[in-house]
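The values are calculated or read from the model by the stated rules, or taken from the named source; none is laboratory data. Since the structure is predicted, the reported quantities are computational estimates derived from the model, not experimental observations. Neighbour counts run over all protein chains shown; Cβ positions are idealised from the backbone, glycine included.
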Amino acid sequence: MTSAAPAKTEYEAIIGLETHCQLSTETKIFSRESTKFDGDNPNTNISPICLGYPGVLPVLNEKVLEYAVKAGLALNCKIAPYSKFDRKQYFYPDLPKNYQISQFDLPIAEHGWVEIEIVEKPNTEPIRKKIGVTRLHMEEDAGKLTHGGSDRIDGSTYSLVDFNRAGIPLVEIVSEPDLRSGKEAAEYAQEIRRIMLYLGISDGKMNEGSLRCDVNISVRPVGQKEFGTKVEIKNMNSFSAIQKAIDYEIERQIEAIEKGEPIYQETRLWEEGTGRTKSMRMKEGSSDYRYFPRT
């Protein structure tokens, strides 16, 4: 009598999205320069404030606060009676101050939710699911790097930086890890876009970077309470890319686990041409950014 083969392990994905929405204000978040950054000559819509010169005094754009509160209410969030800005430290050529003005421990809005509808099969009733929203906070965008030249080894020989986009107002919307598939994540991102468009506070153009989504994803055996190792995916400029990147990453992580290979906490890029994710860098934690409160 032969013994039964062991049951195949079933896995589930744990997915959360960080969605950055560019706000449709006429001026930047802390200064009076135009928010137009594509089409104008490079480095023309700039000032000592968005370049972070010593002694400058940023002043919050009242319209940015209004739009952030509108978005928070539409996402069923609790609006904070008191919130503050912080300095998120990181060093990159398109960030002239070497820190980003963002919000950390006291964001403008928290504890909301969004309802999505998923059609599992054609001609069936959609399944409604409530996705938690952890927080919404205001922050400034960085500049734009353009890589040029060619090198057979490194790919480019120089980079140009345009600071017209530095200081563009954003809200970042962080979901709870309530999503379980690429399809659910894509539908959630589309619902966020629909809400922003309805409110008239963002044009939601993913192809132009007005709406950008970063995905955090891990897998675990069904029934396990502890989360697996989280991986972040960037560089997705469409809802179909979000779905395809997540579906690929789920399979990649499951295959690695089955082979006994480690899953690293890292940031990966989605390559549309190859249909694969590619390692970019080890993922930073909040302590790596060394947040400083702005009082």
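Scanning segment 76-105 for residues that are surrounded by fewer than 17 Cβ atoms within 10 Å (Cβ to Cβ), out of contact with any Pro (no Cβ under 9 Å at 6 or more places or on another chain) and not β-branched (Val, Ile, Thr) yields Asn76, Lys78, Pro81, Tyr82, Gln89, Tyr90, Phe91, Tyr92, Pro93, Asp94, Asn98.
Taken over segment 158-181, the residue count meeting the criterion of being in contact with a strand residue (DSSP E or B) (Cβ under 7 Å, 6 or more places away or on another chain) and more than 22 Å from Tyr67 (Cβ to Cβ) is 11.
For every residue, the table says whether it meets (1) under 28 Å from Glu208 (Cβ atoms); (2) exposed (fewer than 12 other Cβ atoms within 10 Å of the Cβ); (3) without any contact (Cβ under 8 Å) to a residue 12 or more places away in the chain; (4) of a type in the set (Phe, Trp, Tyr).
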| position | (1), (2), (3), (4) |
| --- | --- |
| Gly112 | yes, no, no, no |
| Glu115 | yes, yes, no, no |
| Val119 | no, no, yes, no |
| Asn123 | no, yes, yes, no |
| Pro126 | no, yes, yes, no |
| Lys129 | no, no, no, no |
| Gly132 | no, no, no, no |
| Glu140 | yes, no, no, no |
| Gly143 | yes, no, no, no |
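All of Thr19, Thr44 fail the test of being surrounded by 13 or more Cβ atoms within 10 Å (Cβ to Cβ) and not in a loop (DSSP other than H, G, I, E, B), apart from Thr19.
With respect to the conditions (1) over 27 Å from Leu160 (Cα atoms); (2) not in a loop (DSSP other than H, G, I, E, B), Leu60 lacks only one, and its number is (2).
For segment 167-184, the criterion of being within 21 Å of the chain's Cα centre (by Cα), at pLDDT 95 or above, among the aliphatic types (A, V, I, L, M) and assigned to a loop (DSSP other than H, G, I, E, B) is met by at least one residue. Being loosely packed, with under 11 Cβ neighbours inside 10 Å and out of contact with any Pro (no Cβ under 7 Å at 6 or more places or on another chain) is a property that Gly149 has. Among the residues of segment 87-107, is any within 17 Å of the chain's Cα centre (by Cα), over 25 Å from Ser202 (Cα atoms) and in contact (Cβ under 8 Å) with a residue 12 or more places away in the chain? Yes: one or more hits.
From the list Glu26, Glu62, Glu33, Glu10, the one residue that fits, being surrounded by 17 or more Cβ atoms within 10 Å (Cβ to Cβ), of a type in the set (Asp, Glu) and over 21 Å from the mean Cα position of the chain (by Cα), is Glu33.
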